[in-house]
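The values are calculated or read from the model by the stated rules, or taken from the named source; none is laboratory data. Please read these numbers as outputs of a predicted model, since none were measured by experiment. Neighbour counts are summed over all protein chains in view; Cβ atoms, including those assigned to glycine, are modelled from backbone coordinates with ideal geometry.
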Amino acid sequence: MEDLGKRLTGNVKALEEAAAGEETTLISAVTLLFEKAIAQAFPIVPESLEKSRWLVVQATSDAKHGDYQCNSAMAIHKILKDKVVSHALAGVADAPKAPRDVSARIVECIPKNKVLLKTEIAGPGFINIFLDPAFIAESFAKILKNGPQPPASQPQEVVVDFSSPNIAKEMHVGHLRSTIIGESICRVLEFCGHRVHRINHVGDWGTQFGMLINHLRTAYPNFHEQPPNISDLTTFYKEAKKRFDEDAEFKEASRTSVVTLQAGDPYSLQCWKALCDVSRIQFQMVYDRLECAGLVEQGESFYNSRIPDVVKELTAKGMVEESDGAKIIQCGKQFPLMAVKSDGGYGYDSTDLTAVKYRLQEMKADRVIYVTDAGQSEHFEMIFHAAKRAGWCEGGARLDHVPFGLVLGDDKKKFKTRSGEVTKLVDLLDEAVTRSLTHLRERMNTEGSTTQMAEGDLEEASRRIGYGCVKYADLRQHRISDYQFSYDKMLDLKGNTAVYLMYSYARITSIKARAGVKLQDLANVLPSVQHPKEYQLVLHILKFPEVVERVADTLLPHLICEFLYDTAEKFNDFYRDCHVIGDPLQSQRLVICEVVAAVMKKGMSLLGITPLEKI
């Protein structure tokens, strides 16, 4: 027991050293205090078991029970009753007989601090935690000085694979979710200090290119001298597909064209490049509208020359089997991965295996994230299984699939135009801007309206609102869920919409403008937290880094949307009950307005939304 005591003393000392650093989230500051208290009160517990089994601190859902709650007592009491642990405690005076006794011992051992005002033991042993308002006010004032801060994290190399349209096909609503969700995830991870590589894994290789090249070659024989206008990719693709389906000779020639292309024929490569170049122009029109920058194209063709070596490596590791002329990799599923097809060609499986190896070993990624529809979940589960089996994840590299549901129309089926065509993403975004502009004009023309804008400002506002509404309507959903697309709902001034957030943000900026107080005049002012609505709003804002931390881990952007909506609701409650301009507490409440606006702006930027100072 003497050696054990030395190790436990060392554990407590390490915790004390960790506590010397400033915590970036409220919950981490509170959790560290209780971790130290438990290590002091019951040193055998942290020595014996993983922290997740005995350290449980979470925010309360009801303010009357405090701000946070420690629910460790029941788990610790159960651990102490374990035969091995109880034997080690034999003869120890005042051994706890019930969970409430455990809680009392923990509370006694909480170190002196400036974080907690008080604690209360409730029920069978819950410890209700009340934060010190002075600590809350000081922490809030730091945001005014330093701006919204991310949670503490160790910087990593992160690859995010998202958007991934197909060459020679215009982007449609099916690409909406991958692009919007992927961009938001990138912004969150960058805010947390990670080096993020945005990768666009476009479909630019495979059997469809034989069809497209053959159509280009036969329908436009003077392609080199007089290239056709193939800017309407949808029409061009349909023409080629129709010939492929109806003309057996064309189909066979198309298959030959694939082989010619993959063999490096200069003419075929020139046709392929022309199709890729036109497609990139079309894609960029969408990315510009969505403010999605920095995407680096690494399409299927990028990996093609690397595939044979990967197959050779996996074969040498005993992972590849022969099956009916094909080379397969079993991954414990109904169907295997196809390393090499029976005709000797390569498909999605071999490309994705090569891509994950390249990202882990050549890009040196600590984490690789794939943002695709939920239908590909099993595919990536198998790819990850094979990558781990091959030893490519050694060193703790993390592989994440970020699945998402469908975008549905009014009929609750896949979103399409009235004619049954798949909706082009450019058209969808332009329609959102047009409707937004109509809404703004209607508000300006309403009798008694104070909203007036110059034409240029009106058009810019309609773009920000239109694009912002499309993004927010998507991101506010739990990504795994299907959601029903509705312009009317997303442009509603009431409820959980981007418009509501933007108007709430604009209201705060107008309060600041009417007050006429400069930011430097508030530099040394602490916010008022006397009124319950003040305290609730200030405490809520301080939880922003906690939300960001959860999103960085779970890759669920809707948590930021929930936080922003709650922020707007709490601010409106505060503004209703607490006068700002002309009140004796004006300066203290203007600090609240400044910080709330800054955090809302940062939160919206993480979603890819640019708010308006005035609407």
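Of all the residues that make up the stretch 331-344, how many are surrounded by fewer than 15 Cβ atoms within 10 Å (Cβ to Cβ), more than 30 Å from the chain's Cα centre (by Cα) and touching a residue at least 24 places away in the same chain (Cβ under 8 Å)?
0
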Query raised in the report: Are any of the residues in the stretch 492-499 modelled with pLDDT under 90 and of a type in the set (S, T, Y)?
Result: no
**Report entry** Top-ranked residue in the stretch 262-298 [being hydroxyl-bearing (S, T, Y) and over 25 Å from the mean Cα position of the chain (by Cα); ranked as surrounded by the fewest Cβ atoms within 10 Å (Cβ to Cβ)]
**Finding:** Y267
Requested in this report: From (1) crowded, with 16+ Cβ neighbours inside 10 Å; (2) part of a helix (DSSP H, G or I); (3) touching a residue at least 40 places away in the same chain (Cβ under 8 Å), pick out the condition that doesn't hold for I199.
Outcome: (2)
Report task. Quick one: in the stretch 154-183, of everything that is β-branched (V, I, T) and over 15 Å from the mean Cα position of the chain (by Cα), which residue is farthest from Y472 (Cα to Cα)? Result -> I167
Report task. For I592, indicate whether it is buried (at least 19 other Cβ atoms within 10 Å of the Cβ) and either farther than 27 Å from E190 by Cβ or without any contact (Cβ under 8 Å) to a residue 60 or more places away in the chain (or both). Result -> yes
Query raised in the report: Quick one: which of P111, P150, P96 is part of a loop (DSSP other than H, G, I, E, B), more than 30 Å from K357 (Cα to Cα), in contact with a Pro (Cβ under 8 Å, 6 or more places away or on another chain) and not charged (D, E, K, R)?
Result: P150
**Report entry** Out of T234, T256, sole residue that is assigned to a helix (DSSP H, G or I) and either free of Cβ contacts under 8 Å to residues at least 12 places away in the same chain or out of contact with any strand residue (DSSP E or B) (no Cβ under 8 Å at 6 or more places or on another chain) (or both)
**Finding:** T256
Query raised in the report: Within the stretch 193-201, is there a residue that is more than 19 Å from L295 (Cα to Cα), over 14 Å from the mean Cα position of the chain (by Cα) and modelled with pLDDT of 95 or more?
Result: no
Query - Residue list for the stretch 490-519, filter: without any contact (Cβ under 8 Å) to a residue 12 or more places away in the chain and surrounded by 14 or more Cβ atoms within 10 Å (Cβ to Cβ) - result: D492
Report task. Report the residue count in the stretch 314-355 for those that are in contact with a helix residue (DSSP H, G or I) (Cβ under 8 Å, 6 or more places away or on another chain), among the hydrophobic types (A, V, I, L, M, F, W, C) and either over 17 Å from G391 (Cβ atoms) or in a helix (DSSP H, G or I) (or both). Result -> 5
